[in-house]
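Read the structure below first, then the notes.
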Amino acid sequence: MLVRNFSIIAHVDHGKSTLADRILEKLGAMGERDKRDQTLDTLELERERGITIKSTPVRLTYHRPLREDGTGGEVYTFNLIDTPGHVDFNYEVSRSLAACEGVLLLVDASQGVEAQTIVNAYLAIDNNLEIVPVVNKIDLPAADPQGAAQELEDVIGIPAEDAVFASGKTGEGVEQILEAIVERIPPPPGDPQAPLKALIFDSFYDAYQGVILFVRVLEGTVRAKDRMMTYSNGKSFEVDKVGTFTPGLIVAEELSAGSVGWIAAGIKDIHDAQVGDTITSKDQPTTDPFPGFKPAQPVVFSGLYPTDTEDYRKLREALERLKLNDAAFVFEPETSEALGFGFRCGFLGLLHAEIIQERLEREYDLDLIATAPAVVYRLTLTNGETFETQNPAEFPTRDRIETMEEPYIKLSIMLPEEFVGPVMQLLQERRGAMITMNYVGKRVELLYEVPFAEILYDFHDRLKSISRGYASMDYEQIGYREGDLVKVDIMVQGETVDALAVIVHRDKAYSLGRKIVDKMAEVIPRQLFPVPVQATIGGKIIARATVKAYRKDVLAKCYGGDISRKKKLLEKQKKGRARMKNIGTVEVPQEAFLAVLSTD
Ligand code: GTP
């Protein structure tokens, strides 16, 4: 069998899903009846937000056209793996890549190389994959296909002449892409007779069949009734079924070296079969397991509380269900004086956090209060103990702390030259230190080291507005650095509200305290009496604002600048289900808990 395994990688919105659809259409994988936009984006939420979250593999058949010289005419099996473009889901990209021999690297012909184009290209290079550069969206009036191809050469070193020009919208260039896949991407290696060695690159939990493993078979063959073993923990399972993706699950007789498919083996716990682990044969195990992935570590934490305390159990069940399908998501019970019983949850980033919260509210019909997201701090206490915390409420008092460290990221930003000045100023405000600055034609790549906490809240919005939408960014965690951090407490009506505490660098404490109390005074509905809101450090008041006495306030501002979110919140309020929590006698809305995120 002639096989090609490949993935499509690109900066967000450069058109992966659209191009994947054209390829599926061309290869007859979409019947007219179920033809709809972005077939590979299966989760309802993905469709609505227009972004790809989970990578979905699909198996296709390519009948290579006969050429005049008599060549061609072969039948190829293509396994196409779509990948997400957002930085929170970079780990999904790297696992998908490990299942491929090559990638289509898309670049929007009107935008050129962006931050994630570079990061994704290097992921592919690190995995020794063949890169087929595709300059996409050439139908756009503002397209500069040659310019984009030249940027690929200048920035990443991919020869401009290798570029295939295409449009996912009109379908132009799709045939050339199919040919490039056959000609340039190598066939998968591997011996079907060797001991089984398969890589788990994704999984999901099915209530009837247990965990469905997405695998790339590297060596050997797997069939129903085989005894398989997960390499890392030595647990064995009998294979129930194996199959391929269309993208639905189709049962097959076997999966052999080179193929991409799924295995169901009655595994009840997703932790028994972790992504990145090797599956082998129980009786004849491989001696050379896959080296494994870096496990996805949650880096952002926040508290989730039901607005209605009766919903606690329902929330726990929903979190457990979500965790079955998301190995990167963690949670544990937490109690807050102000909010009662809830859960401390860990996420890969803010988008991941928003998605989980939205799924909880939508799929499980829960109303939630989320506390401000926080990063993980590392402390050495005066008694010599080391202590990690991502919960401001648990932050020890200053006299108990010897040293404090906070996580840093390497941030890369691509932007037009004219915005370099203001963006560098923004980075300086965010305690960034420049690593390098590279010119790429009229654009600039900036590399900075920045405390992760500084880009967590409104950085992306600020960057976009300063650069009128032209700057793009990506980042990776690079470890911990010392920092002079303080805990800012917030008091409402003279009472400290534990769930509102934030950790911040000392230099920023006053301005942040000011911002939070002002925002809170703005969003807390007026009461019959004035309500003081204060920010304090170690009991000392650093900022103060007052919620004035009663006057009906209809439209409180919401966090972020996202219009659809605002609309949604408005709809919610219309339904009379505004998310509020009573703190003493004061009703505090969700926005107040996220005051630290506000952009103004
Ligand atoms: P993520 O899944 O979020 O990473 O995005 P993506 O890279 O898959 O992009 P997607 O296919 O969702 O396309 C982004 C936007 O570009 C959509 O509005 C598409 O309609 C548009 N688009 C995609 N391909 C083309 C193209 O070839 N020409 C034009 N004019 N527009 C395109």
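Where a number appears in this text, it was derived from the coordinates with a stated rule and is not lab data. All values derive from a computational prediction rather than experimental measurement. Backbone-built Cβ (ideal geometry, glycine too); neighbour counts: all protein chains shown.
Things worth noting here:
- Each other residue within a Cβ distance under 12 Å of Gln209 adds +1 if Lys or Arg and -1 if Asp or Glu, for a net charge of 0.
- 10 Å-binned pair-distance histogram of region 452-532 (Cα, whole percent): 14, 36, 31, 16, 4, 0
- Fraction of the pair-distance distribution of region 206-254 above 16 Å, Cα-Cα pairs, percent: 43 percent
- Distance between the 7 Å Cα→Cβ label points at Lys169 and Tyr364: 4.1 nm.
- Building the convex hull from the alpha-carbon atoms of region 300-371 and averaging its projection over directions returns 4.1 nm².
- For the chain, the longest principal axis of the C-alpha atoms and the axis of helix 174-184 are separated by about 70°.
- Seen from all directions on average, the chain presents a Cα convex hull projection of 30.0 nm².
- Taking only Cα atoms of region 377-483, radius of gyration then Dmax in Å: 16.6, 55
- Residues of region 456-486 with amide N under 14 Å of the 7 Å Cα→Cβ point at Leu447: 474-478
- Compactness of region 197-281 is given as radius of gyration and Dmax, 11.1, 31 Å, from Cα positions.
- Radius 11 Å from Cβ of Ala338, net charge of other residues (Lys, Arg +1; Asp, Glu -1): -2
- When Rg and Dmax are taken over the Cα atoms of region 251-331, they come to 17.9, 54 Å.
- Aspartates and glutamates with Cα under 13 Å of Lys540, excluding same-chain neighbours fewer than 8 positions away: Asp489
- Additional length obtainable on full extension of the chain from Ala549 to Gln527, 0.36 nm per residue less Cα span: 7.4 nm
- Cross-link partners of Lys197 among aspartates and glutamates (Cα-Cα below 12 Å; sequence separation of 8 or more within a chain): Glu219, Asp277, Asp288
- Surrounding net charge for Thr403, when Lys and Arg each add one and Asp and Glu each subtract one, Cβ distance under 9 Å: -2
- By the helix-only formula, in which each DSSP H run with n ≥ 4 contributes -39500 (n - 2.57) and the sum is divided by residues, the chain has a 222 nm mean residue ellipticity of -7000 deg cm²/dmol.
- Unit Cα scatterers, Debye sum, region 431-491: log10 I(q)/I(0) for q = 0.15, 0.17 Å⁻¹: -0.61, -0.75
- Filter on Lys26/Lys323; Lys26/Lys282; Lys241/Lys314; Lys323/Lys410 - keep pairs with C-alpha separation over 31 Å: Lys26/Lys323; Lys26/Lys282; Lys241/Lys314
- The protection proxy used here, the mean number of other Cβ atoms lying within 10 Å of each residue, ranks peptides 503-514, 390-401 as follows, highest first: 503-514, 390-401.
- Extension reserve of the Glu429-Gln176 stretch, reckoned as 0.36 nm per residue once the Cα distance is removed: 86.3 nm
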